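Worksheet: the structure to be examined is printed underneath.
The values are calculated or read from the model by the stated rules, or taken from the named source; none is laboratory data. Not measured: the values here are computed from a predicted model. Every residue, glycine among them, receives a Cβ derived from its backbone with ideal geometry; neighbour counts consider all protein chains shown.
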Amino acid sequence: MYAMADRIYFDNAATTSLDGEVLEAMMPYLTNLYGNPSSIYSYGRECRLAIENARKSVAKILNAHPAEIFFTSGGTESSNTAINAAIKDLGCTHIISSAIEHHATLHTVEHLQHTGAAKLYFVQLLPNGHIDTSHLEQLLMEADGRCLVTLMHANNEIGNILDMVLVGELCKKFNAIFHSDTVQTVGHFPFDLRNTPVHFITGASHKFHGPKGVGILYINENVKIQPFVLGGSQERNMRAGTENVYGIVGFAKALQLATEHFTADSEYIRGLKTYLMQKLTVAFAGISFNGDPLGKSLYTLVSANFPKTEKSEMILFNLDINNICASGGSACSSGADVGSHVIRAISNNPGQVTVRFSFSKHNTRAEIDTVVEKLKNMI
Ligand code: PLP
C-alpha cells in the first residue's frame, strides 16, 4: 500500500480509494486465476463463473435482471453507448438534455447534433440548478419525432438530484427513451430498477471504492439495441473483447460493501457535509453554495463560492501546496483553466471562485477543521 502521507483527500466525486476488501476479492483474478473466460476448460470456466456471479450480485442489488446488466469500461463508455443506440437503433430523432450534464453525455449529444443525426434541445434550469420539469414536458410535447431524454441522476459538480421517477413517467407519456447518467449515485443510493421507468442507467465502480476502468450499462429488458463493440461473443454478443475479470469482480464486491454499509456511511458522510457548510458560513462572509445543498442533493459534496479576490483566486493552487485535494469549477475561462460549464450554466458570476469538496467514509471532522483553518490563512 502507498501511504497518503498527510494528504487530505476531499475529491471523492472525482474518484475514491480502493477498498482493501475489494482488492482482496480481485487478487485471485490478477494472479492465479488468469484463464480466458471464453476458454472451455476449467481455467476459463472459473473466470466465466466469476463474471456471471458478479453480474447476478449487481443485478440483485439494483433490483434488475442479470440479463439487463452489461459490464463496460466505465461511465463514459456506458453513456456513449446508450445515447448512440437510442439514435441508431431505437428511432430517436430528437434529444432532450441539459447544459449541466457530464461531458460524457454533453459531447456525445453535441456530436450527434453536429453530424445531423438528431436535433438537440436543452431543458431550462431553475435558479437552484434543478431541471424545469414543465419545460421538459413542453419540449416532449412539441417534438415531431421520437425523443431521447438524457438527464443525469446527480450532478457531479453541484450535487443536485433529479427525480428519476417523475422524469421517467413523463418520458413514458410521450413514448420517449430515458437514459440517466447515474455515475454519482450507483453505490451511494439504493436503486429499484424494476420499479423505475428508465431505459438506460450507468455506473462506475471507482466512485464507490472499487477499481477504475470498469462500469456497467443497465439496458431495460424491453429495449433491444445492436451490439456496440464487434469481434467476439462476450457480454452476450453485445460488447466484444476479453473481459476485465478482476475489474468486474471488484465492481460487484465494491457495490456489495457499499450497499451493506449504506445507512451508516451515508449518515456519517452527510454529517461531514453539513459540518463543512456550517464552518465555512461562520468563517467566510459572503460565501454561498451552489445547487440545492440542503434539499435534493448528494450527501457527498459541497460546492462553495468564495468572493473573488487576488487571494481567493489562488485557492486551488494553495490547497494543493498544503496537500489538500479538492477541485475547482469557476465560471471564468483563463489560460489553461477553461472553467466549468456547469457553474457557467447556473450562475455565470465572474465575481466568485468555486471549490468542490467531496467526501467519503474515510474523511473526518478533524480534517474539515484543518482545511477551514488553512483556508482562513489563505484568503
Ligand atoms: N458521469 C459522471 C456524473 C461522472 O462524475 C463521471 C466521472 O468522472 C463520469 C460520468 C465518467 O465516468 P468514467 O470516468 O468512469 O468514465
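Scan region 88-113 for residues that are out of contact with any strand residue (DSSP E or B) (no Cβ under 9 Å at 6 or more places or on another chain), part of a helix (DSSP H, G or I) and more than 14 Å from the ligand (Cβ to nearest atom) and jot them down.
Taking region 88-113 as the starting set, the residues that turn out to be out of contact with any strand residue (DSSP E or B) (no Cβ under 9 Å at 6 or more places or on another chain) are 88-89, 102-103, 107, 111.
In the following step, the residues that additionally are part of a helix (DSSP H, G or I) were identified as 88, 103, 107, 111.
88, 111, listed by residue number.
Could you tell me whether residue 370 is among the polar types (S, T, N, Q) and either assigned to a helix (DSSP H, G or I) or more than 25 Å from the chain's Cα centre (by Cα) (or both)?
On the way: among the polar types (S, T, N, Q): yes; either assigned to a helix (DSSP H, G or I) or more than 25 Å from the chain's Cα centre (by Cα) (or both): yes.
Answer is yes for this residue.
I'd like to know if region 13-28 contains one or more residues that are β-branched (Val, Ile, Thr), away from the ligand (no atom under 16 Å from the Cβ) and farther than 18 Å from residue 235 by Cα. So that I can check it myself, show each step before the final result.
So in region 13-28, the residues β-branched (Val, Ile, Thr) come out as 15-16, 22.
The next check asks that each one be away from the ligand (no atom under 16 Å from the Cβ); those that pass are none.
Checked against the condition, which is being β-branched (Val, Ile, Thr), away from the ligand (no atom under 16 Å from the Cβ) and farther than 18 Å from residue 235 by Cα, region 13-28 yields no hits at all.
Show the residue pairs that are 6+ apart or on different chains and have beta-carbon atoms under 6 Å apart, the first residue being within region 203-214 and within 16 Å of residue 102 (Cβ to Cβ) and hydrophobic (A, V, I, L, M, F, W, C), the second being part of a loop (DSSP other than H, G, I, E, B) and within 10 Å of the ligand (Cβ to nearest atom).
204/74; 204/183
For residue 37, which of the numbered conditions (1) part of a loop (DSSP other than H, G, I, E, B); (2) more than 16 Å from the ligand (Cβ to nearest atom); (3) within 25 Å of the chain's Cα centre (by Cα); (4) buried (at least 19 other Cβ atoms within 10 Å of the Cβ) fails to hold?
(3)
Anything in region 72-87 that is of a type outside the set (Gly, Ala, Ser), buried (at least 24 other Cβ atoms within 10 Å of the Cβ) and either more than 15 Å from the chain's Cα centre (by Cα) or part of a helix (DSSP H, G or I) (or both)? List them, or say none.
We begin by selecting, within region 72-87, every residue of a type outside the set (Gly, Ala, Ser); these are 72, 76-77, 80-81, 83-84, 87.
From what's left, buried (at least 24 other Cβ atoms within 10 Å of the Cβ): 72, 83.
Correct list: 83 only.
Taking the conditions exactly as written (modelled with pLDDT of 95 or more and touching a helix residue (DSSP H, G or I) at 6+ places or on another chain (Cβ under 7 Å)), does residue 268 satisfy them or not? Before you say what the answer is, go through the steps one by one.
Details: modelled with pLDDT of 95 or more: yes; touching a helix residue (DSSP H, G or I) at 6+ places or on another chain (Cβ under 7 Å): no.
No, not satisfied.
The rows are residues; the columns are (1) modelled with pLDDT under 95; (2) among the hydroxyl-bearing types (Ser, Thr, Tyr); (3) in contact with a Cys (Cβ under 9 Å, 6 or more places away or on another chain).
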site: 37; (1), (2), (3): no, no, yes
site: 47; (1), (2), (3): no, no, no
site: 50; (1), (2), (3): no, no, no
site: 55; (1), (2), (3): no, no, no
site: 64; (1), (2), (3): no, no, no
site: 67; (1), (2), (3): no, no, no
site: 81; (1), (2), (3): no, yes, no
site: 84; (1), (2), (3): no, no, no
site: 97; (1), (2), (3): no, yes, no
